[in-house]
Each structure stands twice: as structure tokens, then as C-alpha cells.
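S.K.: Below: one structure in C-alpha cells.
The values are calculated or read from the model by the stated rules, or taken from the named source; none is laboratory data. A quick note: this is a predicted structure, and the numbers were derived from the prediction, not measured. Because the Cβ atoms are built from the backbone with ideal geometry, glycine has one as well, and the counts that use them run over all protein chains shown. Surface accessibility is based on the protein's heavy atoms, side chains included, excluding ligands, DNA and RNA. Shrake-Rupley method; radii C 1.70, N 1.55, O 1.52, S 1.80 Å.
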Amino acid sequence: MASVVLSEAEKLYIVHGIQEDLRVDGRGCEDYRCAEVETDVVSNTSGSARVKLGHTDILVGVKAEMGTPKLEKPDEGYLEFFVDCSANATPEFEGRGGEELGTEIANTFYRVFSSESSIDLKSLCINPREHCWVLYVDVLLLECGGNLFDAISIAVKAALFNTRIPKVRILEDEEGSKEIELSDDPYDCIRLNVDDVPCIVTLSKIGYRHVVDATLQEEACSLASLLISVTSKGALTSMKKMGKGSLDPESIFEMMETGRRVGKSLHIALQKILDEEESLGTSRQKVGFLG
């Protein structure tokens, strides 16, 4: 993961400020940086989104392709995650430097989406045991400015909201053989219900307090952090501890409550942006990569 080198004096300044609920950029401990969210930015995908959170820049594309259901779940489709860490994001990702981080992020999202309530996978089934939709979720890290997991989870939810899957009809001839017919109409499609798709809230323990949406400098001062996936209703679906430091039980419960509270606010703000963008329709001015 991208990191910065700080002197002891700089670390002391950041830690002492956080104890007074005052961060270097003027935010409180539970405040996110300003986020920019834009959907439908990649034309050859089923759905896409770009999220800029401070200096963290994430691009997510979702591609729907036909596949065969898994043996243990013959009446469901499934999601596949792939994370690419661009060498432009940080020199540490040059060569194969970003592979380990990419695998860690992908495994985290497999765990987050392992809950059956997160997304209706049965709606992705076309023909039980034979055909289903497989959603390939490709994540590209364009720039790393701290708090990667939260930014990626926002981008994944926005891209899934933007995803349009063609409607399918199964035609059966007199001999009993089946043919699949895809709709040519771009408006005749299936939209995913993302109401229960969780967002990740990362809480970094710095000194005696914890902060959300840590910058690279704040991450350098944190020895332990807690990743919590929260639904729009405030339900916690998974947790993961990161870092070499330890967390006492009291701190964990406090962080869980903060994550629940902040996560609900994050969902409300994100859904409002997505609904506003959707209401503009084709009249929306796209910013893309030129903004």
C-alpha cells in the first residue's frame, strides 16, 4: 500500500491534533473528505463509476457475461472481483508491486459480498444449472491518497447501481432444445437492487481516538485499523482488523458504533447523488477523465 515517511515531530503534531478532534485538513474525527462520484464513464461496460475521495482516485467497471452457475448454487449468478493497481498511482506498484494489495482488496470484497442479502444473485440466473449472468467487477486504482477500501466500496456500489443487464428469453423448439435470445433494446434491461449492498467504513486508531477516512499521513501514524462493512440500514455484515497494533475490546465496540453511524450517513449521501444523476438522464453533462 502507498505510504509516506514522516518525522517524529510531524507524527506528534498529527496525533496531538486528533486527540483534540482537529485534523490537519480541518476535519473532525468522523468527517469524510469531499467525494466526487460519476457513473457511466466507460462506454464498453455494463456499468461503471469513478470516485475521487481526496487524492484517492478509483475507477470501477462491471461487465455482465453469460456463464455456468456454480455447482453448490445452481440457481444463482455470481460476482468476480479483479483489482489492478496502476503504477501511476504510486511508484511502489511498479512491476508486480501492487499484486499483493490487489489480491487483498479482492479477497476483502469477496467476503463483504458473501452475505446472501447484499445482492439478489437469484435474479442473475437465466436457466438453473445451465446459464447465469456473471458480473466481472474490475477495479483500477488510479491514485492512492489514503482510505482505499472505503473509496473502492463506494465506487463498486455506484457501478452496480449503474449496471444494466440485457433481458433474456429462452426459446424451446419442438425437439426440446433451448435457445437464448438477448434483447436488442438498450432500455429493455434488468437493473440491480443495490439497497442492501454494503459500504466499507475504515476506522484508524490514532493515539486514544479513532478517525474515519484517514489520509496517507494519518495512516502512517496509525498502528491498527478496523474495516467494517455497513448496510444502508446500519447492519454490520463483516469486520476485518488491519495493521500490526492491537485493539482492546472497548475500543472495538466504540469503533463499531462509530462505523454504524457514519456508514448510514455515507449511504444516504451516496444514494442521493446517484438518484440525482439518474434523474438527469441523457441531458447529464459527463465529466469523465477531463474534469
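S.K.: At a 1.4 Å probe, what is the % contribution of carbon and sulfur to the accessible area of the chain?
M.R.: 51
S.K.: Please tell me the relative contact order of the chain in percent, rounded to the nearest whole number, where contacts are Cα pairs under 8 Å and at least six residues apart.
M.R.: With pairs under 8 Å counted, the relative contact order is 19 percent.
S.K.: Would you kindly compute the Cα radius of gyration of the chain and its largest Cα-Cα separation (Dmax), both in Å?
M.R.: 20.7, 80
S.K.: Here's another thing I want to ask about it. So how much accessible area does Lys70 have, in Å² to the nearest 10, using a 1.4 Å probe?
M.R.: Accessible area of Lys70: about 90 Å².
S.K.: With each pseudo-label sitting 7 Å past Cα toward Cβ, what's the Ile126-Ala9 distance in nm, one decimal?
M.R.: 6.5
S.K.: Suppose we take every Cα in region 65-143 and form the convex hull; what volume per residue is that in Å³?
M.R.: In region 65-143, the Cα convex hull volume per residue is 101 Å³.
S.K.: Which order do Met242, Met255 take by accessible area at a 1.4 Å probe, largest first?
M.R.: So, going from the largest accessible area down, we get Met242, Met255.
S.K.: Is there a quick way to get the dipole size of the chain? I mean about its Cα centre, with the Cβ of Lys and Arg at +1 and of Asp and Glu at -1; what is the value in debye to the nearest 20?
M.R.: 700
S.K.: Taking 0.36 nm per residue of sequence separation and subtracting the Cα-Cα distance, how much length would be gained by fully extending the chain between Asp25 and Glu80, in nm to one decimal?
M.R.: Length difference between fully extended and current span is 16.1 nm.
S.K.: Further question on the same structure: Tell me, what is the FRET efficiency for Glu104 and Glu181 to the nearest 0.05, using R0 = 35 angstrom and their Cβ-Cβ distance as r?
M.R.: About 0.30, to the nearest 0.05.
S.K.: Could you provide, to the nearest whole Å², the per residue accessible area of region 8-280 with probe 1.4 Å?
M.R.: Computed with neighbouring chains in place, this is 51 Å² per residue.
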